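K.L.:
Please find one structure pasted underneath; my questions will follow.
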Amino acid sequence: MKKEYKILLKVTFILIILFLIIFAIFKFSNTQKDLYKVVDKISDFNYTLDDRDTKLMKNEFNKLKKILESDSIDYGEYAKELSNLFVIDLFTINNKTSKYDVGGTEYVFEEVSDNFKLNVIDNLYKYVGNSNSKYPAVKEIVATNIIDTEPYTYNKKEYETYKVEVTWNYEEDLGYDKKGEIILVKEDNKLAIVSYKGVE
């Protein structure tokens, strides 16, 4: 009985810690959003552009807007453009205010969004906010290509899938990823990112 009680106590403690971490992430994320003004949006898809976003981000956002406002959406082009925006927002870290100010989250599949944020906070954005550190800014997208892939299954549901390879450069090379593979799924008329992997 004592052993079962100890296990239950440990599980409860771990759940409380996880809840507090997730609560802190959302609290800080919402606080960060309030600091910046939305200057453009694609309402039907809940994509926004902030006043702090770079010129490259604005140009790519306008390209996505044209794709999504056309009479017939080209989902291959949509997947490529969304991948570009994700890379720019995620790896342009010099305009982020803290490790909780995670870029690219609005393009991520809602079911995996919490895990994505935790992973970025613990690894890529770990020291953001330290004034002594230098952070990258994406300068250009060099190439974006669709790669053949199998359908993606999540929670026993199969999704139409796009696999995109993106290559990019920075204002200054600080050793961050310069090439990555992104997997996107289509749910109704909207694409969302379920996976990112840096590649050599």
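The values are calculated or read from the model by the stated rules, or taken from the named source; none is laboratory data. Source: prediction; values computed, not measured. Neighbour counts run over all protein chains shown; Cβ positions are idealised from the backbone, glycine included. Note: areas computed on protein heavy atoms with side chains; ligands, DNA, RNA excluded. Shrake-Rupley method; radii C 1.70, N 1.55, O 1.52, S 1.80 Å.
K.L.:
Checking the condition assigned to a loop (DSSP other than H, G, I, E, B), at pLDDT 95 or above and of a type outside the set (Gly, Ala, Ser), which residue from ILE88, ILE93 passes?
P.N.:
ILE93
K.L.:
Please indicate, with yes or no, whether at least one residue in segment 139-156 is surrounded by 15 or more Cβ atoms within 10 Å (Cβ to Cβ) and assigned to a loop (DSSP other than H, G, I, E, B).
P.N.:
For segment 139-156, residues surrounded by 15 or more Cβ atoms within 10 Å (Cβ to Cβ) and assigned to a loop (DSSP other than H, G, I, E, B): absent.
K.L.:
Exactly one condition in (1) of a type outside the set (Phe, Trp, Tyr); (2) free of Cβ contacts under 8 Å to residues at least 40 places away in the same chain; (3) part of a helix (DSSP H, G or I) is false for VAL112; which is it?
P.N.:
All conditions pass for VAL112, except number (2).
K.L.:
Collect the residues in segment 55-93 that are open to solvent by 40 Å² or more (accessible area, probe 1.4 Å), under 16 Å from the mean Cα position of the chain (by Cα) and not basic (Lys, Arg), keeping them in residue-number order.
P.N.:
none
K.L.:
Mind checking which residues of segment 166-189 are open to solvent by 40 Å² or more (accessible area, probe 1.4 Å), over 12 Å from GLY76 (Cα atoms) and charged (D, E, K, R)?
P.N.:
GLU171, GLU172, ASP173, ASP177, LYS178, LYS179, GLU187, ASP188
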